[in-house]
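Novice: I am attaching a structure below and will ask some questions about it afterwards.
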Amino acid sequence: NRKNKSISIVCEIEENLEVYGVKNEFIQVMMNILKNAEDALDKQEAEKLILINSYLDGQNVIIKIMDNAGN
């Protein structure tokens, strides 16, 4: 549970985005990325952040996920 580990997740998600593809695979990829960020953040004492930004670029949905591990 990320809340128990004092990790804040900040989301800036453009409204009305539609992503087409295999839902379960997309969810698994997102879970793996968030778990990797969580593992990296475990080692730091400062504020722990995961930033998620998504927006439309033409017909492509861009999803950026960043953390502040190591910063």
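Novice: Against the definition (over 21 Å from S6 (Cβ atoms), open to solvent by 60 Å² or more (accessible area, probe 1.4 Å) and among the aliphatic types (A, V, I, L, M)), how does V61 come out, yes or no?
Specialist: no
Novice: Separate question: Out of the stretch 1-14, which residues are open to solvent by 100 Å² or more (accessible area, probe 1.4 Å) and modelled with pLDDT under 90?
Specialist: Once the filter is applied, which keeps residues that are open to solvent by 100 Å² or more (accessible area, probe 1.4 Å) and modelled with pLDDT under 90, the stretch 1-14 yields N1, K3, N4.
Novice: Follow-up. Which of the residues spanning the stretch 15-48 are charged (D, E, K, R) and open to solvent by less than 80 Å² (accessible area, probe 1.4 Å)?
Specialist: E38, D39, D42, K48
Novice: Here's a follow-up. Find all pairs meeting these conditions: Cβ atoms under 8 angstrom apart; at least six residues apart or on different chains; first residue within the stretch 33-54 and in contact (Cβ under 8 Å) with a residue 40 or more places away in the chain and of a type outside the set (A, V, I, L, M, F, W, C); second residue open to solvent by less than 40 Å² (accessible area, probe 1.4 Å) and not in a loop (DSSP other than H, G, I, E, B).
Specialist: Within 8 Å, the pairs are K48/I7; K48/L41.
Novice: Condition first: over 21 Å from Y55 (Cβ atoms) and basic (K, R). Now tell me which residues in the stretch 1-42 satisfy that.
Specialist: Within the stretch 1-42, R2, K3, K5, K35 qualify.
The values are calculated or read from the model by the stated rules, or taken from the named source; none is laboratory data. Just so you know, these numbers come straight off a predicted model, no measurement behind them. Glycine also receives a Cβ, built like all others from the backbone with ideal geometry; neighbour counts cover every protein chain displayed. Side chains included, ligands, DNA and RNA excluded: accessible areas come from the protein's heavy atoms. Shrake-Rupley method; radii C 1.70, N 1.55, O 1.52, S 1.80 Å.
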